[in-house]
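Remarks on the structure that follows.
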Amino acid sequence: MEHYFTNNENLKSKIRYINFSLDAYNFVFASDNGVFSKNKIDYASLFLVKTFLKSKKKEYASILDVGCGYGFIGITLSKILDTPVDMCDINKRAVHLCEMNIEENKVRATVFLSNIYENIKNSYDLIITNPPTHAGKEVLMSFLKDGLAKLNKDGEIWCVISKDKGAKSVKEGLEKICKCEKIAQSKGFWILLIKN
Ligand SMILES: C[S@@+](CC[C@H](N)C(=O)[O-])C[C@H]1O[C@@H](n2cnc3c(N)ncnc32)[C@H](O)[C@@H]1O
């Protein structure tokens, strides 16, 4: 079975455009077959962005959106916070779309092709992610656990996970090695704030 995160070069391309506004900011996202949430902005990702913007208590000089897809989270934050953002994904088509969307939305962002943090050399004040729950528990936990080593001092990981996809057990697993707090919940999605 093909997942949106596998690289299927044969999947026919059909670019479509998603218009999106948040507060006074307008965005256009190019999307395509074979990427996550290809026809609309994902509810959980939007809940994560809105919760983060409402709840954040400090400034973040360096940000990484890991598993960025076509770039919704990273590009939105880069524009609204006027901050440079790095992004990465394992899906080549998503990375290409993300490059197009960085240019189209005129943000200071860079996207890397990377298996989780494999090609990520920097460390960050904020790692933000809607991780791929369909990729299995091991990949999901790597998105969060391995991110701890990529944080600057007092850095934070913000993530959204569905309760049905194991949010509770992810939280319990993380609590054994670091701080992990549920800071919001909507329609079965939990926002976790994770720190060293
Ligand atoms: C739930 S989607 C979120 C996409 C995007 N952040 C959004 O909000 O629309 C998870 C993303 O993780 C990517 N992904 C899956 N496995 C990965 C891996 N091993 N390394 C990096 N990215 C991965 C998928 O390609 C997908 O784009």
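Residues that are in contact with a Pro (Cβ under 9 Å, 6 or more places away or on another chain), within 14 Å of the ligand (Cβ to nearest atom) and in contact (Cβ under 8 Å) with a residue 24 or more places away in the chain do not occur anywhere in the stretch 184-192. Selection of the stretch 47-78 for residues being of a type outside the set (Phe, Trp, Tyr), more than 7 Å from the ligand (Cβ to nearest atom) and buried (at least 21 other Cβ atoms within 10 Å of the Cβ) yields Leu48, Val49, Ile63, Leu64, Gly71, Gly74, Ile75, Thr76, Leu77, Ser78.
Taking the stretch 1-46 as the range and being surrounded by 12 or more Cβ atoms within 10 Å (Cβ to Cβ), touching a helix residue (DSSP H, G or I) at 6+ places or on another chain (Cβ under 9 Å) and β-branched (Val, Ile, Thr) as the test, the residues that pass are Ile18, Val28, Val35, Ile41.
I'd like the residue in the stretch 170-191 that is of a type in the set (A, V, I, L, M, F, W, C) and in a strand (DSSP E or B) and, out of all such residues, is surrounded by the fewest Cβ atoms within 10 Å (Cβ to Cβ). Result: Ile183. The helices (runs of 4 or more DSSP H) falling completely within the stretch 1-108 that include 1 or more residues that are of a type in the set (Phe, Trp, Tyr) and closer than 24 Å to Ile157 by Cβ map to 43-55, 72-81. Across the stretch 79-96, the qualifying residues are those that are surrounded by fewer than 24 Cβ atoms within 10 Å (Cβ to Cβ) and of a type in the set (A, V, I, L, M), and the one among them that is nearest to the ligand (Cβ to nearest atom) is Ile90.
Each row is one residue, and each column tells you yes or no for (1) at positive phi; (2) touching a residue at least 40 places away in the same chain (Cβ under 8 Å); (3) surrounded by 13 or more Cβ atoms within 10 Å (Cβ to Cβ).
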site	(1), (2), (3)
Ile102	no, no, yes
Tyr117	no, yes, yes
Asp125	no, yes, yes
Thr133	no, no, yes
Met141	no, no, yes
Leu148	no, yes, yes
Lys168	no, no, no
Ile194	no, yes, yes
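The sole residue among Leu144, Leu126 that is in a helix (DSSP H, G or I), more than 9 Å from the ligand (Cβ to nearest atom) and at pLDDT 95 or above is Leu144. Take the residues in the stretch 154-177 that are closer than 19 Å to Val66 by Cα and either of a type in the set (Lys, Arg) or more than 16 Å from the ligand (Cβ to nearest atom) (or both), then tell me which one is nearest to the chain's Cα centre (by Cα). If we take residues in the stretch 154-177 being closer than 19 Å to Val66 by Cα and either of a type in the set (Lys, Arg) or more than 16 Å from the ligand (Cβ to nearest atom) (or both), then Glu156 is nearest to the chain's Cα centre (by Cα).
The values are calculated or read from the model by the stated rules, or taken from the named source; none is laboratory data. Because the structure is a prediction, the values reported are computed rather than measured. Reconstructed Cβ throughout: ideal geometry from the backbone, glycine too, with neighbour counts over all protein chains shown.
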